1. For MET123, MET140, which order do you get if you count the other beta carbons within 10 Å of each Cβ and list the fewest first?
2. What distance in nm lies between label points placed 7 Å from Cα along the C-beta direction at ASN39 and ALA127?
3. With the crude spin-label approximation of a point 7 Å out along Cα→Cβ, what separation in nm comes out for ALA238 versus GLU119?
4. Near LYS82, which lysines are there with a Cα under 28 Å away, not counting those fewer than 8 places off in the same chain?
5. HN-Hα J couplings of the range 39-47 from phi, Karplus 6.51/-1.76/1.60, θ = phi - 60°, integer Hz, Gly and Pro as x?
6. How do ILE193, ILE214, ILE43 rank when sorted from fewest to most other Cβ atoms within 10 Å of their own Cβ?
7. Convert each backbone phi in the range 192-197 into a coupling constant with the Karplus relation 6.51 cos²θ - 1.76 cosθ + 1.60 (shift: θ = phi - 60°), then list the ³J(HN,Hα) values in order as whole Hz, x for Gly and Pro.
8. Lys and Arg at +1, Asp and Glu at -1: add these up for the other residues within a Cβ distance under 12 Å of PRO121 and post the number.
Amino acid sequence: MFVANNIMHYSIDHESTVPLHTQAENLLRQLIAEEQYQNGKNIPNEVDLANMLSISRTTLRIAINKLVLEGLLIRKKKAGTKVVQGAVSSKSNNWLSFSQEMKLRGIPIKNFELHVSWELPDMKLAAFFNIAQDQPVLKMERVRGRPEEPFVFFVSYFHPCVGLTPDDDFKRPLYELLEQEHDIIATLSKEEIMATAAVELVAKKLLIAVGSPILFRKRFVYDQNERPIEYNIGYYKADSFIYTLESTR
């Protein structure tokens, strides 16, 4: 165990079945969420960190390199390693609700807007849910971000069979709400991602100029029986969100 600037205690469990580099990665995610590192202070150097954790520099470097590739850390010769200011990363193979993922990464999130209403689906949405266009679906719009500014605008539509209503507590993590209150388990996510420019509505929600670059993502969510339950659209500020993909063979 070690003390980082007398603020937080961290430890590596050498008896755990979790790989040491994975434990080091998770520890670093907690460390860089600290205000002092968010404000520009260098994280401890590799030699000190490796000694403090009783792991090799090679093991530690695997964890650091992964965070560098995700865009969370930046490493410069003679200047040390720092947190990339304002960057938030999302991993496609560690699928959680937005709230759960940000909590795991130690990133405080504020809801700037939350609107829930019934809406008739258009042709594409009705086809995805395999329902008639005169059957209302629940629509949820949320603007979320760090306490100081929004960085994502979500629009979600839910299949009528899910059972969600405007009376549900949408301040809770979405997939936790679905599972605990409606016995719906979100199991599969299929996504489409592209770069685009912000239209007027999106620009207004994210407090950016019309035409600013944004990341546009569609998410198609299915339950354990591969039945469609959610159609989600996300608009992310390009300068504050990094979407990473990780594949294994």
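Every number in this text was worked out from the coordinates using simple rules, so none of it is lab data. Remember, predicted model here, so these are calculated numbers, not experimental data. Cβ: placed from backbone, ideal geometry, glycine included. Neighbour counts: every protein chain shown.
1. On the way: MET123 8, MET140 20.
Lowest count first: MET123, MET140.
2. 5.4 nm
3. 2.5 nm
4. LYS41, LYS66, LYS91, LYS103, LYS110, LYS237
5. For the range 39-47, the Karplus-derived couplings read 8, x, 6, 5, 6, x, 6, 4, 4 Hz, x marking Gly and Pro.
6. Listing ILE193, ILE214, ILE43 from fewest to most nearby Cβ atoms yields ILE193, ILE43, ILE214.
7. Using θ = phi - 60°, the values come out as 10, 10, 8, 8, 8, 10 Hz.
8. The answer is -1.
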